[in-house]
Every structure is written in structure tokens, then in C-alpha cells.
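I have placed the structure first, in the form of C-alpha cells, so that the comments after it can refer back to it.
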């Protein structure tokens with residue numbers, strides 16, 4: 001099967017959840033199929049990046065779009081466009097032309113549009129199967145931005161972008177043969193716009209070889225940790241909320257506790273949180289090394305969509321996780337058994353305190369978390385993804401392709417074969 005995978009922005013190094021998900025699926029698919037990765041990025045030509053991309057994904061096609069305008073001017077430039085700014089800012093005739101040339105040469109069986117922002121340059125007239133890979137329901141992210149925004153102007157901007165995103169997302173989904181969601185929750189939301197039979201769920205995975213805990217040692221201190229890209233607004237909001245509303249209560253009960261925020265490009269609002277009990281690391285060589293030191297991982301997200309890969313990574317490392325419902329949304333988890341879910345400040349603080357002060361309880365959660373994460377190695381998840389591609393390409397299933405269940409999902413015994421449990 002000839003696959004072309006189209007993505008906006010760089011994919012290396014794969015730090016963000018979407019990049020990690022895409023990169024691991026690409027590598028797994030390339031072991032069995034002919035995969036061409038097509039991407040484009042902003043700024044000056046980055047020869048080091050393009051060289052690394054060729055080493056990681058041989059045959060990749062990369063287009064540099066040049067330097068963008070400052071964000072405020074760029075937003076003003078697109079103010080009257082039909083597309084929401086988060087998508088429209090990626091529009092490029094040069095990218096469209098280069099992509100058309102590649103497709104004409106490769107003649108793919110299926111083309112994957114990775115994230116909604118890549119759809120703005122996707123060809124409308126095509127002779128191949130087309131799949132939209134929806135890591136999030138983007139309009140839901142903007143809805144939660146609007147609901148949590150402070151200040152009249154900011155709320156109005158989010159309200160306007162939400163309206164544009166809703167319209168664009170609904171129209172764009174209808175243009176693809178099939179949509180891949182990362183959770184049942186997202187599938188349910190998108191079924192309001194297109195026939196649910198056209199939406200398949202491919203769950204989030206984890207690199208077990210990298211994160212497996214292997215009976216990780218007891219933390220030497222009551223270290224609470226958040227891991228994520230710290231230039232992403234939902235993460236900025238999450239740690240700000242945690243430090244202001246949850247952390248003081250934890251310190252009152254566990255004065256020796258420390259909170260570490262691990263993630264690249266910390267926004268100034270995140271850097272301002274640093275104190276005698278709060279550490280902001282910025283980019284780190286290895287997230288795994290930090291996870292080993294943590295007693296409890298927190299995911300206090302109030303905004304977001306899709307699924308949080310960082311939760312499965314922490315669980316695979318054998319760590320107890322306390323998350324909001326939004327943070328754990330869409331993951332195959334069992335609150336109270338392999339994760340602790342808390343949606344208000346007081347309940348979150350009590351959960352973290354209990355896990356810090358009660359090692360037996362923490363170890364029980366850790367063991368269950370590690371066992372659950374072990375079911376979702378990327379090799380198994382890629383087989384589900386690959387099956388959806390074949391289903392999209394072929395007009396009817398044959399003996400070489402496992403049958404889909406009637407609701408559009410692959411049966412567990414056919415597609416999870418070889419998964420570690």
C-alpha cells in the first residue's frame with residue numbers, strides 16, 4: 001500500500017502529543033508499507049532538521065514556507081478569511097503545488113491529512129482515498145478556551161475563533177472518505193457532523209521500551225510533577241491553576257513536597273511560577289529520567305481535546321497519576337484503580353496528599369497503571385491504524401484484511417494480537 005502522510009509543522013524532535021503519536025505510527029507503518037512523509041514548516045531553511053528527517057523517515061519531502069509575520073499582524077491579515085486563524089495561517093500556494101507534484105508522481109493508494117491544520121492545503125479533486133487524522137476535536141478546544149478566558153477582549157477573540165472553527169471543522173470532515181479519532185468521546189462529538197460509520201477510533205499508544213517502569217525505585221522525596229509542552233495554552237492554564245489553587249493545600253500537609261514542571265519552551269507565565277517549592281525545568285534531555293524521580297504525576301487540565309499521551313507514558317513508567325476528567329478524557333482507564341480523577345482543587349489536593357503520605361495506596365495505583373499502559377504499545381496501535389487504511393482503500397473487505405465490527409471498530413482479538421498484557 002502506497003501511503004502519503006501530510007503534516008503541517010516539524011515533527012522532530014517529537015515532543016508534543018500529536019508529534020509523538022504521528023511519529024510512532026509513521027515508523028511502525030513504514031515497516032510494512034511504502035510511506036512518504038510530506039511536511040512543511042515556517043522560518044528559514046533548516047538543513048539540520050531536514051537531514052534528521054531523512055534519517056528518521058527516508059524519502060520524506062519537506063517544504064519551508066519562509067518566515068511568518070509577527071502573530072498580531074498575521075492574525076490581522078487573516079481576519080476576514082473564511083478559515084479560522086489556527087488553520088488559515090498555514091495556507092500556502094507553494095505547499096499546494098509541491099504536494100500536487102508529489103501526489104502525481106507517487107500515485108498513492110491513500111493520503112492521510114494529519115491534524116485539521118494540514119487540510120487547508122489538501123487537494124479537493126483527488127483520485128485516491130483520503131483520511132483525516134483528528135488528534136483533537138479542535139472546536140472543543142476553542143470552546144474551552146472561551147469558557148475559561150479572562151478579560152472581555154480575549155473572550156471575544158476566542159468566541160469568534162470558535163464560531164469559525166466550528167464551521168470549518170464540520171465542512172472539512174465531510175470532504176474526507178474517513179476520519180480517524182483518538183477516543184470514543186471525540187468520535188461521539190464528530191458524529192453530529194458526519195455519519196458515525198465513517199469515523200474509526202484508533203487509541204493512543206505508548207513506547208513501552210522507552211517508558212516501562214520495570215519496578216521503578218521508591219522516590220527519595222515527595223516530588224509532584226507535570227510533564228508537557230509548556231508553550232501550549234492548555235498546559236499553561238493547567239499549571240497556573242494548580243499552583244494557585246491546589247499546591248498551597250498540599251504544602252500545608254506535606255511541607256517537604258516539591259512541584260516540578262517539565263517541558264519545553266516554558267511561557268513567561270510558567271517561568272513566573274518558579275519558587276522555593278516550584279521548579280520549572282524547560283527542555284530536558286530525557287523525560288524518563290525525571291519520571292523516575294516523581295512520586296505523583298498531575299494532569300490538572302481544564303482545556304483540551306483528544307487524549308493525553310503523557311498519561312500513558314507516566315503509567316508505563318509505573319507512576320500514580322492524578323488528573324481531571326478533561327485530562328484523562330478519552331483514555332481507556334479505570335478511575336480509582338489505575339488513575340485518580342479529581343475535578344476541583346480540594347479533591348485534587350486530597351488525592352495528591354493521600355498518595356504522597358500512603359505508600360501502600362500509591363504502589364497499588366502504580367502497579368495497576370503500569371499493567372494497563374502495557375496494553376497499548378505502538379506496534380499494536382499501528383496495526384489498528386493500518387487496518388483502517390486498508391478498509392478505506394478497499395471497497396469491500398477480503399481475506400487479507402480483518403473484518404470491522406458493525407460499529408466501525410476493529411475487533412480486539414483480530415487487531416490486538418501480540419499486545420502485552
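No value in this document is a laboratory result; all are computed from the given coordinates. Computed from a predicted model, the values in this text were never measured in an experiment. All Cβ positions, even for glycine, are placed from backbone atoms using ideal geometry, and neighbour counts span all protein chains on display.
Okay, here's what the table says:
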item: Efficiency of FRET from Cβ geometry, residue 82 and residue 275, R₀ 56 Å, rounded to 0.05; result: 0.80
item: Nearest 10 degrees, 0 to 90: helix 93-106 Cα axis against the chain principal axis; result: 70
item: Listed peptides 32-43, 151-162, 313-324 by packing density, highest first (mean Cβ within 10 Å); result: 313-324, 32-43, 151-162
item: Global geometry of the range 208-375, whether rounded, prolate or oblate, following the gyration tensor of its Cα atoms and the 1.5 cut on a/c; result: rounded
item: Label point distance in nm, residue 9-residue 156, each placed 7 Å from Cα along Cα→Cβ; result: 2.8
item: Distance (nanometres) between label positions extended 7 Å along Cα→Cβ at residue 2 and residue 218; result: 6.1
item: Per-residue [θ]222 nm for the chain (sum of -39500 (n - 2.57) over DSSP H runs n ≥ 4, rounded to 500); result: -12500 deg cm²/dmol
item: Relative contact order for the range 208-375, counting Cα pairs under 8 Å that sit 6 or more residues apart, in percent; result: 26
item: Estimated FRET transfer efficiency (residue 332, residue 191; beta-carbon r; R0 25 Å; 0.05); result: 0.85
item: Cα long-axis angle, helix 17-30 against the chain (0 to 90 degrees, to the nearest 10); result: 50
item: Gain on full stretching of the segment that runs from residue 124 to residue 360 - 0.36 nm per residue minus C-alpha separation; result: 79.2 nm
item: Mean Cα-pair separation over length for the chain, i.e. relative contact order, pairs under 8 Å, 6 or more apart, %; result: 14
item: Inter-probe distance in nm under a simple model that places probes 7 Å from Cα toward Cβ, at residue 42 and residue 75; result: 1.2
item: Cα-Cα pairs of the chain separated by more than 30 Å (percent); result: 43
item: Calculated FRET efficiency for the pair residue 55/residue 175, C-beta based, R₀ 30 Å, to 0.05; result: 0.30
item: Angle in degrees between helix 138-148 and the longest Cα principal axis of the chain, rounded to the nearest 10; result: 40
item: Within the range 193-233, backbone nitrogen closer than 12 Å to the virtual label 7 Å beyond the Cα of residue 27 toward Cβ; result: 206-211
